[in-house]
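Participant: Below is the structure I would like to discuss, written out as structure tokens.
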There are 4 protein chains.
Amino acid sequence: MENPQIIVNFKTYANATGFNALNLARIVEKVGKDTGVIIGVAVQAVDLSRVVENTNIPVFGQHFDAASDGAYTGHIAPHGLKNHGAHGSLLNHSEKRISIDDIEEAIDVGRREGLFIIACADTAYTGKAISELDPHMIAVEPPELIGGDVSVCTAKPQIVTDAVAMIGGDRLLIGAGIKNREDVKSAVKAGVRGVLVASGITRAYDPESALREMALGILDGLKG
Amino acid sequence: MENPQIIVNFKTYANATGFNALNLARIVEKVGKDTGVIIGVAVQAVDLSRVVENTNIPVFGQHFDAASDGAYTGHIAPHGLKNHGAHGSLLNHSEKRISIDDIEEAIDVGRREGLFIIACADTAYTGKAISELDPHMIAVEPPELIGGDVSVCTAKPQIVTDAVAMIGGDRLLIGAGIKNREDVKSAVKAGVRGVLVASGITRAYDPESALREMALGILDGLKG
Amino acid sequence: MENPQIIVNFKTYANATGFNALNLARIVEKVGKDTGVIIGVAVQAVDLSRVVENTNIPVFGQHFDAASDGAYTGHIAPHGLKNHGAHGSLLNHSEKRISIDDIEEAIDVGRREGLFIIACADTAYTGKAISELDPHMIAVEPPELIGGDVSVCTAKPQIVTDAVAMIGGDRLLIGAGIKNREDVKSAVKAGVRGVLVASGITRAYDPESALREMALGILDGLKG
Amino acid sequence: MENPQIIVNFKTYANATGFNALNLARIVEKVGKDTGVIIGVAVQAVDLSRVVENTNIPVFGQHFDAASDGAYTGHIAPHGLKNHGAHGSLLNHSEKRISIDDIEEAIDVGRREGLFIIACADTAYTGKAISELDPHMIAVEPPELIGGDVSVCTAKPQIVTDAVAMIGGDRLLIGAGIKNREDVKSAVKAGVRGVLVASGITRAYDPESALREMALGILDGLKG
């Protein structure tokens, strides 16, 4: 599969948990089909199997540990995610930071299980650093803008340009505060593969319209 | 429901993951029915919904965070567990330690969601300390004996006696190295409600027999 | 020595670092002598030996690890603190939280080295829990009030009353937002041994006057 | 000052604590003078000021936090280290791991305070990753060999070669299990600037001889 262009992070939002997770994933599936944009979802571990079984989109975990077959009570194991059909997982999200050695080990274990790994970073510099450990994609999100009203593209366009120059755009997602078509378009025009979004969809008045606008932003950006 | 008498912790053992988790949970269900002993399972978050939907036993998570409806990427939220039918969850297992403030906050959030919370501790003293924060049960497991060949009842009988005296036996589980009927019997005779087991079942040549022996150990112990 | 009645936490404030730490410690010494109130300071590890050597007050660390003679790079070891003349140390401050097992182990190691241990807690409940692990004193500080303008005595008088009832006043310090004589008096009248203060002194226009007022608050409270 | 060629990490060894720390630092000073090799020491925070005041060698901390002037109880602040004359500090040692964002932030704060920062890593890959965040030097130490009897140069020569190729030898230290002249010589011949040692000195029967041998190993290696 090609690298995803939009990942919708469900976090632990109540309206993206349980059957709500499935409903939102179906909206994602519909918008992906309608626009041709590759859109995945990152769901809570408990929600994974239901979403995988009832949709046909790439489903990601939100985090995993370097846990293998063994005594890792309470950990999220790559073989557990894979067993339930996960396409991959986020790693090192700003709401779930781990040490760099744990990142390296998790990428090793996760790759062996066949997970597609999207490692998150605060800045272009840490993104570049983590890219040395060979995850499949890097998502750069300045944490102070996550969940906010101003997008990284507007507030910190330099981060986007730096990240493309340092990491390469094809395996790069940008996130934090992304809310509309224009935000996405400007990111893609700057060379970024796509976007990582959360509250922009989960908190939207009409998630389907909001996501459709973002998908159109991807297409706008690719047109240049 | 009465307090469980045996909890089988599936950890991330491959033979207790995915369909293997369901198979093992069905064995647990069978032994519970046959003996009348209340036996629950603690499964990986990804496995929870399948085990809940296909068995009729109390299913527990192995860990949860003090995460509510919101921006908690990668966390295991009580409302997520509950939504999928979890009866409760372990908390603060020695393989997933958290700070005491996080324990307090997690117990608050978890209780509000209706989870039955079994908080783990290394010693009778930390067990007593955590009991002040009002989880439903306390599981005392000396970590140096977990997964080993000698049970806490044999190696450290004083811990069992102390824990009963300090915490009260009705809400107490004992674990670490418990492998056979005699181990369980001696714990129950000492006043403990039951046992928390993992490798004694998941690594057993014949898990059903192994669990049946432990269940009989519970009944032996109650006879005195 | 009797239990301290005021501890001034220097944190990493620049005006309480290096020679500024020594100057502030001398002010503390002066106010202690003048009023007869037992006042200690909790200083950065790097500042400890200079303050110990040049004052005659109880000097505390701000944190220590359960590190003994061995391979604990970057840890703060009880034998290191003791070697430089520390009277004791804070432990588990809200700005340096550790797990409950680490608290238990640190108290064990610290007591063996002869440290006087003041364990911090967010609430009366966690304070009670930690008191089971037998530190010398407990300091209860609701973190949302630390560094703020409203004292715990004004904003949450119930916490003070609860903490006295649950933990016992003699080994109890109260902190968070404490700024003046009245705050301290009301805490002591409620049965608390004393107070843990930081910005109320380190950020004061005139630290000596501010501390003197607090010391008088202790005496006021004891008069009833 | 030129990049150091040997750093002796005192950890929390009792025979490298307090006056023992000063004695060992004086031995280091002597060997450095005698051989012309640049040798620094990494001491516990409590020991820093005494060693700085009584020797004339580069003294490093073993860890620091991204803590500035403010409310960071129990943290080791760069301005505290600098105030007491530290030349620099280790960061992210395997016995004190931090997240990659904390590494980035600590390097920023530490550089602003003028610390010379030696960031540690488990492998050539994480070393390369961390080097993107621009510490002054990188120390690569496979943790499974730390404190052991076999040196990284013997057990994993490939790590040394890889690290030189990926990170560049001038700013590279190698560590783990290094005990004698031959170990050091082979590392330097492979292009490494020098070595990070601990138990090889602190646990040696005769620390002065052991260190002298290592210093001669540096000179041997430079001769080729």
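Participant: Are any of the residues in the range A:62-74 within 30 Å of D:Asp134 (Cα to Cα), more than 7 Å from every other protein chain (Cβ to nearest Cβ) and not acidic (Asp, Glu)? Steps first, answer last, please.
Facilitator: The initial filter retains those residues of the range A:62-74 that are within 30 Å of D:Asp134 (Cα to Cα), namely A:62-66.
Within this subset, residues satisfying the condition of being more than 7 Å from every other protein chain (Cβ to nearest Cβ) are A:64-66.
Subset that is not acidic (Asp, Glu): A:64, A:66.
Taking every residue of the range A:62-74 in turn, at least one turns out to be within 30 Å of D:Asp134 (Cα to Cα), more than 7 Å from every other protein chain (Cβ to nearest Cβ) and not acidic (Asp, Glu).
Conditions tested, residue by residue: (1) within 20 Å of D:Val46 (Cβ to Cβ); (2) of a type in the set (D, E, K, R).
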site	(1), (2)
C:Tyr13	yes, no
C:Leu24	yes, no
C:Val31	no, no
C:Val37	no, no
C:Val51	yes, no
C:Pro58	yes, no
C:Asp65	yes, yes
C:His75	yes, no
C:Arg97	no, yes
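Participant: Please find, within the range B:28-40, the residue that is farthest from B:Leu91 (Cα to Cα) out of those that are surrounded by fewer than 22 Cβ atoms within 10 Å (Cβ to Cβ) and under 17 Å from the mean Cα position of the chain (by Cα).
Facilitator: Filtering the range B:28-40 down to residues surrounded by fewer than 22 Cβ atoms within 10 Å (Cβ to Cβ) leaves B:29-30, B:33-36, B:38.
Of the ones still in play, those that are also under 17 Å from the mean Cα position of the chain (by Cα) are B:29, B:38.
Values: B:Glu29: 23, B:Ile38: 20 Å.
Within the range B:28-40, the match that is farthest from B:Leu91 (Cα to Cα) is B:Glu29.
Participant: I need the full set of residues from the range D:1-15 which are closer than 11 Å to C:Asn83 by Cβ and among the aliphatic types (A, V, I, L, M), in order please. Give the derivation first.
Facilitator: Taking the range D:1-15 as the starting set, the residues that turn out to be closer than 11 Å to C:Asn83 by Cβ are D:12, D:14.
Within the range D:1-15, just D:Ala14 meets the criteria.
Participant: For residues that are out of contact with any helix residue (DSSP H, G or I) (no Cβ under 6 Å at 6 or more places or on another chain) and free of Cβ contacts under 8 Å to residues at least 12 places away in the same chain, scanning just the range D:69-96, find the one that is surrounded by the most Cβ atoms within 10 Å (Cβ to Cβ).
Facilitator: D:Gly74
Participant: Spot the failing condition for C:Asp101; the list is (1) buried (at least 24 other Cβ atoms within 10 Å of the Cβ); (2) over 30 Å from C:Val188 (Cβ atoms); (3) modelled with pLDDT under 95, and only one is missed.
Facilitator: So C:Asp101 meets the others, but not (1).
Participant: Just a yes or no: is a residue in the range A:16-30 within 13 Å of another protein chain (Cβ to nearest Cβ), touching an Asp or Glu at 6+ places or on another chain (Cβ under 6 Å) and either among the charged types (D, E, K, R) or over 27 Å from A:Pro142 (Cα atoms) (or both)?
Facilitator: No.
Participant: Further question: Has the range A:3-12 got any residue that is more than 13 Å from the chain's Cα centre (by Cα) and more than 7 Å from chain B (Cβ to nearest Cβ)?
Facilitator: No, every residue in the range A:3-12 fails to be more than 13 Å from the chain's Cα centre (by Cα) and more than 7 Å from chain B (Cβ to nearest Cβ).
Participant: Scan A:Glu141, A:Glu132 and give me the residue that is modelled with pLDDT under 95 and touching a strand residue (DSSP E or B) at 6+ places or on another chain (Cβ under 6 Å).
Facilitator: On the way: A:Glu132 fails: touching a strand residue (DSSP E or B) at 6+ places or on another chain (Cβ under 6 Å).
When all the criteria are applied, what remains is A:Glu141.
Participant: A further question on this structure: Among the listed residues A:Val8, A:Val43, A:Val52, A:Val59, which satisfies the condition of being more than 25 Å from D:Asp101 (Cβ to Cβ) and either buried (at least 24 other Cβ atoms within 10 Å of the Cβ) or in contact (Cβ under 8 Å) with a residue 60 or more places away in the chain (or both)?
Facilitator: After ruling out the rest, the residue left standing is A:Val59.
Participant: What's the total number of residues in the range D:128-138 that are farther than 12 Å from D:Ile103 by Cβ and under 14 Å from the mean Cα position of the chain (by Cα)? Spell out how you get there, then give the answer.
Facilitator: Just the residues of the range D:128-138 that are farther than 12 Å from D:Ile103 by Cβ, to begin with: D:128, D:136-137.
Applying the additional criterion that residues be under 14 Å from the mean Cα position of the chain (by Cα) yields D:136-137.
Residues that pass the stated criteria total 2.
Participant: Okay, moving on. Of the residues C:Arg203, C:Arg212, C:Arg193, which single one is modelled with pLDDT of 95 or more and surrounded by fewer than 20 Cβ atoms within 10 Å (Cβ to Cβ)?
Facilitator: Details: C:Arg203 fails: modelled with pLDDT of 95 or more; C:Arg193 fails: surrounded by fewer than 20 Cβ atoms within 10 Å (Cβ to Cβ).
Residue meeting the stated conditions: C:Arg212.
Participant: Tell me the residue from B:Val150, B:Val184, B:Val160, B:Val164 that is under 20 Å from B:Gly40 (Cβ atoms) and hydrophobic (A, V, I, L, M, F, W, C), please. Steps first, answer last, please.
Facilitator: Numbers: B:Val150 fails: under 20 Å from B:Gly40 (Cβ atoms); B:Val160 fails: under 20 Å from B:Gly40 (Cβ atoms); B:Val164 fails: under 20 Å from B:Gly40 (Cβ atoms).
Exactly one residue qualifies, and that residue is B:Val184.
Participant: On the phi > 0 side of the Ramachandran plot and either touching a strand residue (DSSP E or B) at 6+ places or on another chain (Cβ under 6 Å) or not in a helix (DSSP H, G or I) (or both): which single residue out of B:Gly148, B:Gly177 fits that description?
Facilitator: Values: B:Gly148 fails: on the phi > 0 side of the Ramachandran plot.
None of the other options fit; the residue is B:Gly177.
Participant: When the residues of the range C:108-127 are narrowed to those that are among the β-branched types (Val, Ile, Thr) and buried (at least 21 other Cβ atoms within 10 Å of the Cβ), which ends up nearest to the chain's Cα centre (by Cα)? Give the steps one after another, and end with the answer.
Facilitator: From the range C:108-127, those among the β-branched types (Val, Ile, Thr) are C:109, C:117-118, C:123, C:126; that's our starting set.
Now drop any that are not buried (at least 21 other Cβ atoms within 10 Å of the Cβ), which leaves C:117-118, C:123, C:126.
Numbers: C:Ile117: 10, C:Ile118: 7, C:Thr123: 16, C:Thr126: 17 Å.
If we take residues in the range C:108-127 being among the β-branched types (Val, Ile, Thr) and buried (at least 21 other Cβ atoms within 10 Å of the Cβ), then C:Ile118 is nearest to the chain's Cα centre (by Cα).
Participant: Quick check on my filter: what residues within the range A:32-42 are closer than 18 Å to B:His84 by Cβ and touching a Lys or Arg at 6+ places or on another chain (Cβ under 9 Å)? I'd like the intermediate steps shown before the answer.
Facilitator: Here is the first cut: in the range A:32-42, the residues closer than 18 Å to B:His84 by Cβ are A:41-42.
Scanning the range A:32-42 gives a single hit, A:Ala42.
Participant: Restricting attention to the range D:119-145, which residues are acidic (Asp, Glu), facing chain A (nearest Cβ under 10 Å) and touching a Ser or Thr at 6+ places or on another chain (Cβ under 9 Å)?
Facilitator: Within the range D:119-145, D:Asp122, D:Glu132 qualify.
Participant: Give C:Ile218, C:Ile201 a once-over and let me know the one that is in a helix (DSSP H, G or I), more than 30 Å from B:Ile167 (Cα to Cα) and touching a Leu at 6+ places or on another chain (Cβ under 8 Å).
Facilitator: Values: C:Ile218 fails: touching a Leu at 6+ places or on another chain (Cβ under 8 Å).
The unique qualifying residue is C:Ile201.
Participant: Residues of the range A:75-127 being in a loop (DSSP other than H, G, I, E, B), closer than 20 Å to A:Lys11 by Cβ and among the hydrophobic types (A, V, I, L, M, F, W, C), which ones?
Facilitator: Within the range A:75-127, the first condition is being in a loop (DSSP other than H, G, I, E, B), and the residues that meet it are A:75-77, A:84-87, A:92-98, A:113-115, A:122-123.
Applying the additional criterion that residues be closer than 20 Å to A:Lys11 by Cβ yields A:75-76, A:84, A:86-87, A:92-98, A:115, A:122.
Listed by number, the residues that qualify are A:Ile76, A:Ala86, A:Ile98, A:Leu115.
Participant: Follow-up. Among the residues of the range D:88-109, is any within 7 Å of another protein chain (Cβ to nearest Cβ), within 24 Å of C:Asn20 (Cβ to Cβ) and in contact with an Asp or Glu (Cβ under 9 Å, 6 or more places away or on another chain)?
Facilitator: No, there is no match, as no residue in the range D:88-109 is within 7 Å of another protein chain (Cβ to nearest Cβ), within 24 Å of C:Asn20 (Cβ to Cβ) and in contact with an Asp or Glu (Cβ under 9 Å, 6 or more places away or on another chain).
Participant: Output the residues belonging to the range D:75-87 that are within 13 Å of chain C (Cβ to nearest Cβ) and not basic (Lys, Arg). Quick ask: steps written out before the conclusion?
Facilitator: Here is the first cut: in the range D:75-87, the ones within 13 Å of chain C (Cβ to nearest Cβ) are D:75-86.
Within the range D:75-87, D:His75, D:Ile76, D:Ala77, D:Pro78, D:His79, D:Gly80, D:Leu81, D:Asn83, D:His84, D:Gly85, D:Ala86 meet the criteria.
Participant: Out of (1) under 19 Å from C:Ala66 (Cα atoms); (2) of a type in the set (D, E, K, R); (3) not in a helix (DSSP H, G or I), the odd one out for D:Glu2 is which?
Facilitator: Among (1) under 19 Å from C:Ala66 (Cα atoms); (2) of a type in the set (D, E, K, R); (3) not in a helix (DSSP H, G or I), D:Glu2 violates only (1).
Participant: Taking only the range C:17-70 into account, find how many residues are outside any helix (DSSP H, G or I) and among the polar types (S, T, N, Q). Don't jump to the end; show me each part of the working.
Facilitator: We begin by selecting, within the range C:17-70, every residue outside any helix (DSSP H, G or I); these are C:17-18, C:36-44, C:55-70.
From what's left, among the polar types (S, T, N, Q): C:17, C:44, C:55-56, C:62, C:68.
Number satisfying all stated conditions: 6.
Participant: Would you pick out the residues in the range A:128-164 that are surrounded by fewer than 23 Cβ atoms within 10 Å (Cβ to Cβ), among the small types (Gly, Ala, Ser) and free of Cβ contacts under 8 Å to residues at least 40 places away in the same chain?
Facilitator: A:Gly148, A:Ala155 - these are the residues of the range A:128-164 that are surrounded by fewer than 23 Cβ atoms within 10 Å (Cβ to Cβ), among the small types (Gly, Ala, Ser) and free of Cβ contacts under 8 Å to residues at least 40 places away in the same chain.
Participant: Would you please name the residue that is farthest from D:Lys223 (Cα to Cα), looking only at residues in the range D:31-53 that are away from every other protein chain (no Cβ under 13 Å) and in contact with a Gly (Cβ under 7 Å, 6 or more places away or on another chain)? Can you show your working first?
Facilitator: Keep residues of the range D:31-53 that are away from every other protein chain (no Cβ under 13 Å), which gives D:31-40.
Still in the list and also in contact with a Gly (Cβ under 7 Å, 6 or more places away or on another chain): D:38-39.
Numbers: D:Ile38: 16, D:Ile39: 18 Å.
Going through the qualifying residues, I end up with D:Ile39.
The values are calculated or read from the model by the stated rules, or taken from the named source; none is laboratory data. Keep in mind that what you see is a predicted model, and the values were worked out from it rather than measured. Note that each Cβ is placed from the backbone with ideal geometry, even for glycine, and that neighbours are counted across all protein chains shown.
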